[in-house]
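In what follows, a structure is listed as structure tokens, so that the remarks can point back to it.
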Amino acid sequence: MSVVTSVSECSVHNCSFNHDGCTAVAITVSGSEEHASCATFIDTSISGGLPKMLAHVGACQRSECSYNHDLLCSAPAVKVGPGAEAADCLTYTHA
């Protein structure tokens, strides 16, 4: 795998890294079987990240996801939004 997956959308408004898109350098997808959460989510009033949206998926701990290959995401892009937790990987698909 030579291409990293971009975070194409984040609809979690109370995340310090979401300023009209995810401004973290990379996110980590974690969670539990049957749902995947964004472990990079931080709920503070401090604005974090880069000045513009450039986020990618750095690591994916959901080995049962159909897009997970060697703990890396192979989806064309991921969307993050509210789900079972405050910030979930909405692209997650249980294999």
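Conditions (1) within 17 Å of V3 (Cα to Cα); (2) among the hydrophobic types (A, V, I, L, M, F, W, C), marked per residue:
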site: A36; (1), (2): no, yes
site: A59; (1), (2): yes, yes
site: R62; (1), (2): no, no
site: S74; (1), (2): yes, no
site: A95; (1), (2): no, yes
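Taking region 1-59 as the range and being β-branched (V, I, T) and under 18 Å from A86 (Cα atoms) as the test, the residues that pass are V7, V12, T23, I27, T28, V29, T40, I42, T44, I46, V57.
Consider region 23-40 and keep the residues that are open to solvent by 30 Å² or more (accessible area, probe 1.4 Å) and among the hydrophobic types (A, V, I, L, M, F, W, C). The one that is farthest from the chain's Cα centre (by Cα) is V25. For region 43-62, the set of residues classified as assigned to a loop (DSSP other than H, G, I, E, B), modelled with pLDDT of 95 or more and surrounded by fewer than 19 Cβ atoms within 10 Å (Cβ to Cβ) consists of Q61 only.
I'd like the full set of residues that are aliphatic (A, V, I, L, M) and in contact (Cβ under 8 Å) with a residue 60 or more places away in the chain, limited to region 29-60. Outline the logic, then answer.
Step one: of region 29-60, the residues aliphatic (A, V, I, L, M) are 29, 36, 39, 42, 46, 50, 53-55, 57, 59.
Within region 29-60, just V29 meets the criteria.
Once region 67-77 is narrowed to residues that are closer than 15 Å to G31 by Cα and open to solvent by less than 50 Å² (accessible area, probe 1.4 Å), the residue that is farthest from the chain's Cα centre (by Cα) is N68.
As a summary of the residue check, M1 satisfies the conditions (1) modelled with pLDDT under 95; (2) crowded, with 17+ Cβ neighbours inside 10 Å except for the one numbered (2). On the stretch given as region 78-95, residues that are in contact (Cβ under 8 Å) with a residue 40 or more places away in the chain, in a loop (DSSP other than H, G, I, E, B) and loosely packed, with under 12 Cβ neighbours inside 10 Å total 1. Give the residues of region 2-40 that are out of contact with any Cys (no Cβ under 7 Å at 6 or more places or on another chain) and at positive phi, sorted by residue number. Within region 2-40, D20, G31, E34 meet the criteria.
The values are calculated or read from the model by the stated rules, or taken from the named source; none is laboratory data. Since this is a predicted model, take the numbers as computed values, not measurements. Every residue, glycine as well, gets a Cβ built from its backbone with ideal geometry; the counts of neighbours run over all protein chains shown. Accessible surface is based on the protein model in full, side chains and every heavy atom, while ligands, DNA and RNA are left aside. Shrake-Rupley method; radii C 1.70, N 1.55, O 1.52, S 1.80 Å.
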